[in-house]
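Structure, as structure tokens:
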Amino acid sequence: MENDENYMGAFGREGDLRKLPNANDPYQIMEAELSNDENLIWVGKPVSIIRHAKDSIPIFVFGFLFFGFAMFMVGQYMEALRRPVNSVLEAIEIIFPIFFTPFILAGLVMLILPLWKMNKARHMIYALTDKRLIIRETFPRFHIESWPLHQVIRLRRRGPANGPGDVFFAQLKKRGGEDGAIVKDVGFIGIAKPRRVEDHIRELIMY
């Protein structure tokens with residue numbers, strides 16, 4: 001694991017990243033996003049994609065129950081197909097399972113949410129430069145976002161020093177919740193050596 005630098009990440013101060021020949025290498029991909037006066041300090045990818053799905057586990061459990069109940073109800077009403085239709089009421093009972101379709105679809109969405117997030121993590125690249133922090137995504141669509149170092153707030157680490165762990169450096173507010181907003185922590189999730197990345201960020205902030 002220690003030698004798998006292409007996947008775990010590496011620090012630009014320890015070598016010339018431009019010497020890497022692979023055009024699909026995360027380092028060269030992120031170099032293309034830099035300005036002329038910007039230098040890469042660290043580039044990495046999630047080594048623990050399961051950490052990206054941890055917050056969706058309660059939704060998965062609820063979705064399992066939701067989907068199971070909907071399918072049970074559909075199964076009950078499908079029994080009506082085996083009986084002869086003698087009245088309008090019995091005919092309605094036969095077509096009633098159609099109304100459970102939205103609930104079945106909603107349950108399926110909740111069930112696949114953790115897999116969706118883990119697949120999304122596989123297509124992520126993180127980068128730290130001497131000017132900003134960058135998160136690059138290519139699934140389900142291309143998206144790149146960055147935070148200038150002077151905007152870093154509440155820098156904190158979660159997980160063991162050598163990882164896998166998370167380094168949070170920003171917060172995102174979304175609508176919802178009792179007070180009208182849900183605060184989501186933003187950072188490098190599931191990375192190797194999170195303590196080292198945290199130290200580099202802190203060093204750059206204090207410089």
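Looking only at residues of segment 167-195 that are small (Gly, Ala, Ser) and surrounded by fewer than 17 Cβ atoms within 10 Å (Cβ to Cβ), we find that the one that is modelled with the highest pLDDT is 181. Only one entry in 198, 137 is of a type in the set (D, E, K, R), crowded, with 21+ Cβ neighbours inside 10 Å and in contact with a strand residue (DSSP E or B) (Cβ under 7 Å, 6 or more places away or on another chain), namely 198. Working only within segment 146-163, note down all residues that are touching a strand residue (DSSP E or B) at 6+ places or on another chain (Cβ under 9 Å) and over 16 Å from residue 42 (Cα atoms). Those that are touching a strand residue (DSSP E or B) at 6+ places or on another chain (Cβ under 9 Å) and over 16 Å from residue 42 (Cα atoms): 151, 152, 153, 154, 155, 156, 157, 158, 159.
Take residue 91 and decide whether it is assigned to a helix (DSSP H, G or I), outside the structural domain of residue 35 (by TED's automatic domain parsing), at pLDDT below 80 and surrounded by 14 or more Cβ atoms within 10 Å (Cβ to Cβ).
no
Just one residue in the set 33, 38 is at pLDDT 65 or above, in contact with a strand residue (DSSP E or B) (Cβ under 6 Å, 6 or more places away or on another chain) and farther than 22 Å from residue 185 by Cβ; that residue is 38.
The values are calculated or read from the model by the stated rules, or taken from the named source; none is laboratory data. Every value quoted in this text rests on a predicted model; they were computed, and no experiment measured them. Please note: Cβ atoms are built from the backbone with ideal geometry, for glycine as well, and neighbour counts cover all protein chains shown.
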